[in-house]
Amino acid sequence: EAASLLHRVQPFGWHGEVHIDAESLDQVERLRLPSGVLLVIDHMARIDASLGLNQPLFTRLLRLLEREQIWIKLSGADRVAADQDSLQAALPFMKALIKQVPDRCVWGLDWPHVNLAVKRDDHELVALIEEAAPENHVQRKIMVENPDRLYGFQGLMSKV
């Protein structure tokens, strides 16, 4: 069980990370996180962009992010926009997540992009962060400061 595992890693100062579909967010809602243990939801919970920003599952994700121990990884835009012609379909979701928790977003590329019918160009995926967070200080939070805090780099990334 996830809760048991999170209790076992608590003494090490580790965090948990879940790669789930949005339909499984109810399991995260029920999860009792041990004190001090953070949980990262990977791939933006694989939200389906074709269902729009007002879909109940995205609302559930935003509500989950009200919990201080929950973080979000802005990766898998190609999964979020899988049924769309363009990666731009993932952009409104990325922007909404950044707006909700700019101090608890981290970015990831999700290379090598397995289990996808359409392979997107890595340059296109990287460029999305500049569109999702056009302000340099927000990009720095997502790409440097937040990962520094989450992964315990103790300021190593701050020198970047």
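Residue by residue through the stretch 15-31, note down the ones that are of a type outside the set (Asp, Glu) and out of contact with any Leu (no Cβ under 9 Å at 6 or more places or on another chain).
Matches in the stretch 15-31: His19, Ile20, Ser24, Gln27, Arg30.
When you scan the stretch 1-36, how many residues do you find that are buried (at least 18 other Cβ atoms within 10 Å of the Cβ) and either of a type in the set (Ser, Thr, Tyr) or farther than 30 Å from Ala89 by Cβ (or both)?
Adding up the residues that qualify gives 2.
Taking the condition of being buried (at least 18 other Cβ atoms within 10 Å of the Cβ), among the aliphatic types (A, V, I, L, M), at pLDDT below 95 and not in a helix (DSSP H, G or I), how many residues in the stretch 87-117 meet it?
The number of residues fulfilling the criteria is 0.
If only one of Lys73, Lys119 is in contact with a helix residue (DSSP H, G or I) (Cβ under 6 Å, 6 or more places away or on another chain) and of a type in the set (Lys, Arg), which one is it?
Only one candidate passes the filter, namely Lys73.
How many residues are surrounded by fewer than 17 Cβ atoms within 10 Å (Cβ to Cβ) and touching a helix residue (DSSP H, G or I) at 6+ places or on another chain (Cβ under 7 Å) if we restrict to the stretch 76-86?
Total satisfying the criteria: 2.
Under 7 Å between Cβ atoms, at least 6 apart or on separate chains: pull out the pairs that start in the stretch 1-27 with a residue that is closer than 16 Å to Ile72 by Cα and end on any residue that is open to solvent by 70 Å² or more (accessible area, probe 1.4 Å).
Pairs that qualify, where the first residue is closer than 16 Å to Ile72 by Cα and the partner is open to solvent by 70 Å² or more (accessible area, probe 1.4 Å), are Asp21/Arg46; Ala22/Arg46.
Restricting attention to the stretch 7-24, which residues are in a helix (DSSP H, G or I) and closer than 17 Å to Leu38 by Cβ?
His7, Arg8, Val9, Gln10, Pro11, Phe12 - these are the residues of the stretch 7-24 that are in a helix (DSSP H, G or I) and closer than 17 Å to Leu38 by Cβ.
I'd like the full set of residues that are open to solvent by 70 Å² or more (accessible area, probe 1.4 Å), assigned to a loop (DSSP other than H, G, I, E, B) and farther than 26 Å from Asp85 by Cα, limited to the stretch 37-70.
If the condition is that a residue be open to solvent by 70 Å² or more (accessible area, probe 1.4 Å), assigned to a loop (DSSP other than H, G, I, E, B) and farther than 26 Å from Asp85 by Cα, then Glu66, Arg67, Glu68 are the ones that fit.
Going by the structure shown, is Lys119 of a type in the set (Lys, Arg) and over 15 Å from the mean Cα position of the chain (by Cα)?
Yes: the conditions hold for Lys119.
Kindly establish whether Leu150 is part of a helix (DSSP H, G or I) and not hydroxyl-bearing (Ser, Thr, Tyr).
When the stated conditions are applied, Leu150 passes them.
The values are calculated or read from the model by the stated rules, or taken from the named source; none is laboratory data. Every value quoted in this text rests on a predicted model; they were computed, and no experiment measured them. So basically every Cβ, Gly included, is an ideal-geometry build from the backbone, and we count neighbours across all protein chains shown. Ligands, DNA and RNA are excluded from the accessible area calculation, which covers all protein heavy atoms including side chains. Shrake-Rupley method; radii C 1.70, N 1.55, O 1.52, S 1.80 Å.
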